[in-house]
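Laboratory data are not the source of any read-out in this text; all were calculated from the coordinates shown. Predicted, not measured: the structure shown is a model, and the values here were computed from it. Neighbour counts run over all protein chains shown; Cβ positions are idealised from the backbone, glycine included.
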Amino acid sequence: MTELKEQKCVPCSGDVPPATEEEIKNYKTQIPDWDVITEDGELRLQRVYKFDDFKTALAFTNSVGEIAEEEGHHPALLTEWGKVTVTWWTHAINGLHQNDFIMAAKSDRLADSV
């Protein structure tokens, strides 16, 4: 299987099913620091990244925003002093799709370069 961080998001309409438990388990092996949470009845991926200051946290937030635009898939971002909470899910299916795992892996790669 190609590493998630090397893949591209595919357009996702509401006619595809959410990721299965087995798919989630398999994808999660590549993004072990992410939590699968339930919010508003939907499964989501969430991770809190820690930074030394607000400036670095903001730079990371902007980097995530740039790749989100490139891929056409957008997260919820909460930027605070010294940390950024990133949450990925697919609104069209009210749950998780492979795209969310791809973007989580790409977010991890960005964090390593900030």
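A few remarks follow.
- Selection within the stretch 37-59: residues that are surrounded by fewer than 12 Cβ atoms within 10 Å (Cβ to Cβ) and basic (Lys, Arg). The member of this set that is farthest from Gly95 (Cα to Cα) is Lys55.
- Counting the residues of the stretch 7-28 that are within 14 Å of the chain's Cα centre (by Cα) and either of a type in the set (D, E, K, R) or surrounded by fewer than 11 Cβ atoms within 10 Å (Cβ to Cβ) (or both) gives 2.
Residue by residue, here is whether (1) within 15 Å of the chain's Cα centre (by Cα); (2) among the basic types (Lys, Arg); (3) under 24 Å from Asn26 (Cβ atoms) holds:
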position: Ala57; (1), (2), (3): no, no, no
position: Gly65; (1), (2), (3): yes, no, no
position: Ala68; (1), (2), (3): yes, no, yes
position: Pro75; (1), (2), (3): yes, no, yes
position: Val84; (1), (2), (3): yes, no, no
position: Trp88; (1), (2), (3): yes, no, yes
position: Gln98; (1), (2), (3): yes, no, yes
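- Of all residues in the stretch 66-109, those that are within 27 Å of Thr20 (Cα to Cα) and part of a helix (DSSP H, G or I) total 20.
- Among the residues of the stretch 60-92, those that are surrounded by fewer than 18 Cβ atoms within 10 Å (Cβ to Cβ) and touching a residue at least 60 places away in the same chain (Cβ under 8 Å) comprise Glu71, Gly72, Ala92.
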